[in-house]
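Read-outs throughout are calculated quantities, based only on the coordinates presented, and are distinct from any laboratory measurement. Since we're looking at a predicted model, the values are computed, not measured. With ideal geometry, Cβ positions are generated from the backbone for all residues, glycine too; neighbour counts draw on all protein chains shown.
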Amino acid sequence: MTTENKNTAVSGETVIKIENMNKWYGQFHVLRDINLNVKQGERIVICGPSGSGKSTLIRCINRLEEHQDGLIAVNGTELSGDLKNIEAIRRDVGMCFQHFNLFPHLTVMENCTLAPIWVRKTPRKEAEASAMEYLERVKIPDQAFKYPGQLSGGQQQRVAIARSLCMNPQIMLFDEPTSALDPEMIKEVLDVMVELASTGMTMICVTHEMGFARTVADRVIFMDEGQIIEENEPEEFFNNPKSERTQKFLSQILSH
Amino acid sequence: MSKSIAFIRTEDAPSLPPPSSHVGWRKWLWDNMFSSMANFGSIGAAIRSVLIILLTVTLLYFGLTVIWSLIKFALIDAVWSDPDTLKRGICATVAQGGVAEGNVGACWPFIGAKGKLIIYGRYPEMELWRVNALFVGLAVGILWMVWERAPFRRQVGILMLTVFPLAAFILLTGGNVHYSSGTWTTFIALTVIFLGGGLVGARNLLGEVMFALSGFFIVFGMFVAAALIAMFVTSLDLGLVHVETANWGGLLVTLVVAITGIVASLPLGIVLALGRRSKLPLISYLCIGFIEFWRGVPLITVLFMSSVMLPLFLPEGVEFDKLLRALIGVALFSAAYMAEVVRGGLQAIPKGQYEGAMALGLSYPQMTRLIILPQALKIVIPGIVNTFIGLFKDTTLVLIIGLFDLLGTIQSTFTDAGWATPVMSPTGYLVAATMFWAFCFSMSRYSLHLERKLDTGHKR
Amino acid sequence: MADTSGTGRRSLSTLIYDEKFRGIVYQIVVAVALISIVWWIVGNTLDNLQEQDKKSGFGFLGQTAGFQILSSLGTSLVDYTAGVSTYWDVFIIGIINTLAVAISGIIMATIIGFMMGVMRLSKNAVFNSFATVYIEILRNVPLLLQIFFWYFFVLRALPNKRDKLELGTENFAINITGLYGPEPIPQEGFRWTMYALLAAFFLIWALAKFAKRLQENTGKRLPVFWLSAATLIGLPLIVHMYNGSPLLWEMPEFRDTGPKLRQGFQASGMVIKPEMIALWLALSLYTASFIAENVRSGILAVSHGQTEASSALGLKASSTLQLVVIPQAMRVIIPPLTSQYLNLTKNSSLAVAIAYPDIVSVFAGTALNQVGQEIEMIFMMMLVYLVLSVGTSAIMNWFNNRMRIVER
Ligand SMILES: Nc1ncnc2c1ncn2[C@@H]1O[C@H](COP(=O)(O)OP(=O)(O)O)[C@@H](O)[C@H]1O
Ligand SMILES: [Mg+2]
């Protein structure tokens, strides 16, 4: 632990376990021999060139994509064709997408209460109260009764985060949450994510926001061509990358 | 003092009206008529201009002639009233044995005399209030749904799709249908088994297998229960006289066929569209086969099939009314078209919506019902209206299998010797064409309006 | 990690949550339901047929048909004679007549539809409003009504049986019994002309390939259109002349003397019956109003930016139209155009309303009344339409896939 903002909430328990996982799209081998353990409360940033399989990897964790070989277990439950397990895991794993994927025909409030009401069977009153709490945490309680189309990109992404949090997930997945945003909106989303990290949430973020990675991440993972190339603490990762591919990638994204 | 390139405006340039050749009707005429035909710069351009002038004049002449003869026939030369009830005499020229002088145009008294027939068919005089009540209900319901600022639009829409058809059935036929005790027992048993089993199973009281199947049981059970309720309501004796469908006719039959077709085809079309996109090969191929079969054959062959072959398919002794047989054919036929319209909507929903719903842990039925269908159906409303327009026009085909729709009824009035004159059938066809045109044109405008709104309106 | 490798247990309760297993169960349920419904229907049908003591099978196709069929392309190609020809001949006549009215309708509808679509976008107010009124009226009035209009109304206004209206020359004339013209009768050796025509098509195809290669390699541009036209007309013409023009024209014969009953057109020359004309006009004018809308939206879909870009590249206005607008618009227009063609073909079944002898009217109508085997005959009729539409869709899909590859 070198910097003061390092995570102290990491406990010894492994919540995500990926062993020798492989995935193909038809003939194309997208993910090759992935091994990854994530402990409770850990914050992981995944980076790598476009098309390297980052999204595919985190989408396998809540089975938006199916893997063909190897093992993925979340909270001790293995992901297979078992629908009950899939449902259980999706309840505990929240996800935010690059393009928010809010439901445009529902208000912000309805977006947030939909899953608690229908999946967790929470009474509507309770669901709305808790949704309001999360909307306050992402700092947009006043937008609760607007439709997503009436909000800016940054606001939409914050709603998306609140929507996931309403399910009380143990783990949050982020797939490039800021890359569809205008520069002035990136900060408001990152602020929310930093705040979330400070509560001890287990997070896996695909992002190229290196500042965020440096301050928040416990581990940075670099992927290329479907493989995990390098994995290290942020300080070491950025200052002293070992693999040639990592060096090249970092020099490209940090050069301007 | 040396010249500087700096420039500062001290006074605003005045805002002037445009040159007179650029305003008013002269500009309009120039832009919209003569600019295309006034280029004589080269030989090619000159030939083109001359051709355009010739074509313009021809079209203008042709168009105006048609419009003028229409006005002349329908208004100027028309016979408007028949005070002495001369019937054919009032619309026949002296040479034809009548009293009219000169050219005779449309024979409006003939339409007046046949008006009731054209709208209601041979529906009993005493019971016409039932049809009128229906027409009023329909008009109110439709206006309500079309008026964008009306409250409870969605609820009214649901009523129009559920309660209204039932009420219409009871009003038009008189209800009091007798179902065999076997039918009653079957439906009650199915309701109890599926709805009861599903509800109890959902509380995990019947073992894990039933718990897993409870969702399916409840959905299916609700369908059976709905059918049971419909059976119960239609079996009530409300004291209404039974009116045979053979007595229905005219606009009534046209509306019944078109509206039943669209209302019945909507749920079927949604199921088929979802099935077509299913990952299970058997289900998707079956749906594709069904859809492509009905879309591949003309409606008239479907009507032939339902009027001739359907009785062969059913057990002996089951008798089906002719109109009902046609309705079944029309519903299956339009379900295939509806399925394609709905599929278009489903395809327009971005993949992210499915992913967002799945990531939140919604199950497939929940995702479909709460996220996908509401958005998809909204996009396809214009498509549904267009399908309805097509169906509305196609209902005329039922006259080929001997049902009397609007067109069929009007044609049947031509056999009335009491009104037989050369202007009788043109008048009748003109009325039919105008009525169909008015319905279809206004609906197509509405669908266009919806399309524009979906295009430009921010997503709400 | 106690339960992570729980694949050993496979009790029913875990199986029922298995995605694949569920899929299989759903499909089996559907299959069983479907098979039992079909079983029930087939059973009922067999019972009913037995009850009514009906024959079944396709034996009737060999029997002779005793009724007259309105003279049409089908009857002249098949050489139909009542009491001699079979029901199979009737079936073929029906198909030929359906195709005849469909194909001629498609050609006419395309021409008028494209004209109206372009006129709809014209800046000339007369063109524009003419096309608008045309489109809005024709597409909002039922086709059946339009067929009646042409058949019972317009064509009834023609000169009667013993009179005629000459169209330019005395060899083309029209009256209430039809449109009369010379009939071509091929003689010995005419097939060579046909072969030459085929060869010409092949040559054009080769020429197009060659011209493209030439353009790519040397930049030279051949006048492909004119060369093709010359080949297509010239080659068959030369062969035809060389063989001594082996094609006779039989002129229509009109009598206005002699016994009153024998006056009018005689059975020589070619006749197009009013049923065909009315159906053809109604189908093509109705469909044209839909094609016009497709054409219009196709042209509008080519964005303004595209035309500006190509003008900026220095292309002439005519080249812009030819190289940029039309190819892109056609890509948008062709899929709905195909479905309009299919609609027209299916709508030709309305022939039955005015007794034009198409497949529905002559086979599922007249012949069905005589034979009475509904199942077989309606099945055959539907099969004809299914083959037509599935065939067209297949071609369409192939075409779309090609277009999409080009797009990448
Ligand atoms: N549904 C799919 N079918 C086939 N290939 C896909 C699919 N989704 C992604 N891919 C391919 O898999 C690779 C990894 O994609 P992705 O995980 O989205 O990369 P990243 O998120 O790192 O940019 C890419 O080459 C992409 O083209
Ligand atoms: Mg990605």
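Worth pointing out:
- Here the Kirkwood formula puts the hydrodynamic radius of region B:177-235 at 11.8 Å, using every distinct Cα pair.
- Given charges at Cβ of Lys, Arg, Asp, Glu: region B:229-380 dipole, positive-most of B:Gly361, B:Met309, B:Ala264: B:Gly361
- Global form of region B:35-76, assessed from the alpha-carbon gyration tensor, a/c cut-off 1.5: prolate
- Chain B: DSSP helices with Cα axial extent of at least 30 Å and average Kyte-Doolittle hydropathy no lower than -0.5: B:43-71, B:207-235, B:250-276, B:322-348, B:424-456
- Label point distance in nm, B:Glu316-B:Val163, each placed 7 Å from Cα along Cα→Cβ: 4.6
- Of A:Lys39/B:Lys279; B:Lys322/B:Lys393; B:Lys351/C:Lys346, pairs whose Cα-Cα distance is over 30 Å: A:Lys39/B:Lys279; B:Lys351/C:Lys346
- Average other protein chain Cβ within 10 Å of Cβ, residues A:77-90: 5
- Against chain A, whose longest principal axis comes from its Cα atoms, helix A:83-92 is set at around 80 degrees.
- Counting charges near B:Cys440 (Lys, Arg +1; Asp, Glu -1) among other residues having Cβ under 15 Å from its Cβ returns a value of -1.
- FRET efficiency, C:Thr257 to C:Ile107 (Cβ-Cβ, R0 51 Å, nearest 0.05): 0.85
- Residue with peak Gaussian network fluctuation, chain C [Cα springs, cutoff 10 Å], from C:Val239, C:Val390, C:Val352: C:Val239
- Folded to 0 to 90 degrees: helix A:108-118 orientation relative to chain A principal axis, Cα: 80
- Across q = 0.07, 0.11, 0.13, 0.14 Å⁻¹, chain C modelled as identical point scatterers on its alpha-carbon atoms has Debye log10 I(q)/I(0) values of -0.55, -1.14, -1.36, -1.44, in the order of the q list.
- Mean-position separation - Cα centroids, region C:231-269 and region B:347-388, in angstrom: 63
- Check: chain B dipole with +1 on Lys, Arg Cβ and -1 on Asp, Glu Cβ, in debye: 1540
- Estimated FRET transfer efficiency when R0 is 22 angstrom, pair B:Arg369-C:Ile24 (beta carbons, to 0.05): 0.35
- Projected over all directions and averaged, the alpha-carbon convex hull of the protein assembly as shown occupies 66.8 nm².
- Take every Cα pair under 8 Å whose residues are at least 6 apart in sequence, average their separation, divide by the length of chain C, and the relative contact order is 21 percent.
- Extent along principal axes [Cα atoms of region B:310-391; Å; largest to smallest]: 54, 29, 14
- A simple spin-label model places the labels of B:Phe34 and C:Ile334 4.4 nm from each other, with each point 7 Å out along Cα-to-Cβ.
- Inter-chain neighbour count for B:305-314: the average number of beta-carbon atoms from partner chains within 10 Å of each residue's beta-carbon is 5.
- Difference of contour (0.36 nm per residue) and Cα-Cα distance, C:Val154 to C:Ala199: 11.9 nm
- The residues C:Lys273, B:Lys116, B:Lys279, when put in order of fewest to most other Cβ atoms within 10 Å, stand as B:Lys279, B:Lys116, C:Lys273.
- Shielding by partners for peptide B:406-418, expressed as the average number of C-beta atoms from other protein chains within 10 Å of each residue's C-beta, is 1.
- In the frame of its principal axes, chain B has Cα extents of 98, 97, 43 Å, reported largest first.
- Hydrophobic long helices, here whole DSSP H runs in chain C with Kyte-Doolittle means of at least 1.6 and Cα atoms spread over 30 Å or more along the helix axis, are found at C:87-120.
- Residue ranges B:190-199, C:22-31 sort as B:190-199, C:22-31 when ordered by packing (mean number of other C-beta atoms within 10 Å per residue, highest first).
- If only the Cβ of Lys and Arg carry +1 and only the Cβ of Asp and Glu carry -1, the dipole of chain A around its Cα centre is close to 540 debye.
- Tilt relative to chain A, helix A:153-165 - C-alpha long axis, 0 to 90 degrees, to 10: 90
- Annotation: the residues C:Trp398, C:Trp88, sorted from fewest to most other C-beta atoms within 10 Å of their own C-beta, follow the order C:Trp398, C:Trp88.
- Gap separating the Cα centres of region C:287-302 and region A:149-196, nearest whole Å: 44
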